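Chemist: Supplied in structure tokens, the structure appears directly below.
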Amino acid sequence: MTQALIDELGESQVVAADLIESSDGVNCKYYQMDVTNKDLYEQIVKENDVDYILHLAAILSSLGEKHPQMAYDVNVTGATNALNIARDNNCQLFVPSSIAAFGGENFPKVNTPNDVIL
């Protein structure tokens, strides 16, 4: 996703963040960040004058079942942080669902509509 955004918008318009220490091969501003750290999340948004947040952080079912508190922290607290930061900093926010939420062969796997049955 990061590379697609860089290709479309230019590397100076994209800020990326993840848990991993570095972003080898991604040529944009990069931060190591945990979405549960609201202060750092908001600091990055403010320092970079971010106006659109694409929040992709999530713990899926199998790992979440093994570590329910971590799943809650990332999925609920992280998303809540994104919502509050977007509101407080006048940002647009997109929190897409994982393809893991869709099943079967009765939905398009490319350009899946927002109103497809789960």
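Chemist: Of the conditions (1) at positive phi; (2) in a helix (DSSP H, G or I), Gln43 fails just one. Which one is it?
Modeler: (1)
Chemist: Another question, then. I'd like to check something: does segment 13-30 contain any residue that is assigned to a strand (DSSP E or B) and either more than 15 Å from the chain's Cα centre (by Cα) or in contact (Cβ under 8 Å) with a residue 60 or more places away in the chain (or both)?
Modeler: Yes: one or more hits.
Chemist: Counting only residues that are of a type outside the set (Asp, Glu) and over 18 Å from Val95 (Cβ atoms), how many does segment 43-69 have?
Modeler: Residues that pass the stated criteria total 9.
Chemist: Can you name every residue in segment 75-102 that is touching a helix residue (DSSP H, G or I) at 6+ places or on another chain (Cβ under 9 Å) and at pLDDT below 95?
Modeler: Within segment 75-102, Asn75, Val95, Ala100 meet the criteria.
Chemist: Additional query: Inside segment 38-56, can you point out the residues that are more than 9 Å from Val15 (Cβ to Cβ) and touching a helix residue (DSSP H, G or I) at 6+ places or on another chain (Cβ under 8 Å)?
Modeler: Scanning segment 38-56 gives Lys38, Tyr41, Glu42, Ile53, Leu54, His55.
Chemist: Can you list residue pairs whose Cβ atoms sit under 7 Å apart, with the first residue in segment 74-85 being in contact (Cβ under 8 Å) with a residue 40 or more places away in the chain and polar (S, T, N, Q) and the second being surrounded by 21 or more Cβ atoms within 10 Å (Cβ to Cβ) and outside any helix (DSSP H, G or I)? Count only pairs 6 or more apart in sequence or on different chains.
Modeler: Asn81/Val35
Chemist: I would also like to ask the following. Which of the residues belonging to segment 62-73 are surrounded by 12 or more Cβ atoms within 10 Å (Cβ to Cβ), part of a helix (DSSP H, G or I) and either of a type outside the set (A, V, I, L, M) or under 14 Å from the mean Cα position of the chain (by Cα) (or both)?
Modeler: Scanning segment 62-73 gives Gly64, Tyr72, Asp73.
Chemist: Okay, moving on. Go through segment 1-12 and report how many residues are within 16 Å of the chain's Cα centre (by Cα) and surrounded by 11 or more Cβ atoms within 10 Å (Cβ to Cβ).
Modeler: Of the residues in segment 1-12, 4 are within 16 Å of the chain's Cα centre (by Cα) and surrounded by 11 or more Cβ atoms within 10 Å (Cβ to Cβ).
Chemist: Only one of these conditions is not met by Ile59: (1) exposed (fewer than 15 other Cβ atoms within 10 Å of the Cβ); (2) assigned to a loop (DSSP other than H, G, I, E, B). Which number is it?
Modeler: Looking at each condition in turn, Ile59 falls short on (1).
Chemist: Identify, by number, the condition in (1) without any contact (Cβ under 8 Å) to a residue 24 or more places away in the chain; (2) at positive phi that Lys109 doesn't meet.
Modeler: (2)
Every residue, every condition in (1) acidic (Asp, Glu); (2) farther than 16 Å from Leu83 by Cβ; (3) modelled with pLDDT of 95 or more, yes or no:
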{"position": "Gln3", "(1), (2), (3)": "no, yes, no"}
{"position": "Leu19", "(1), (2), (3)": "no, yes, no"}
{"position": "Asn37", "(1), (2), (3)": "no, no, yes"}
{"position": "Asn48", "(1), (2), (3)": "no, yes, yes"}
{"position": "Leu56", "(1), (2), (3)": "no, no, no"}
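Chemist: Are any of the residues in segment 74-86 touching an Asp or Glu at 6+ places or on another chain (Cβ under 8 Å) and not in a helix (DSSP H, G or I)?
Modeler: Looking through segment 74-86, none of the residues is touching an Asp or Glu at 6+ places or on another chain (Cβ under 8 Å) and not in a helix (DSSP H, G or I).
The values are calculated or read from the model by the stated rules, or taken from the named source; none is laboratory data. Quick caveat: nothing in here was measured; it's all calculated off a predicted structure. Here Cβ is always computed from backbone atoms with ideal geometry, including for glycine, and neighbour counts include all displayed protein chains.
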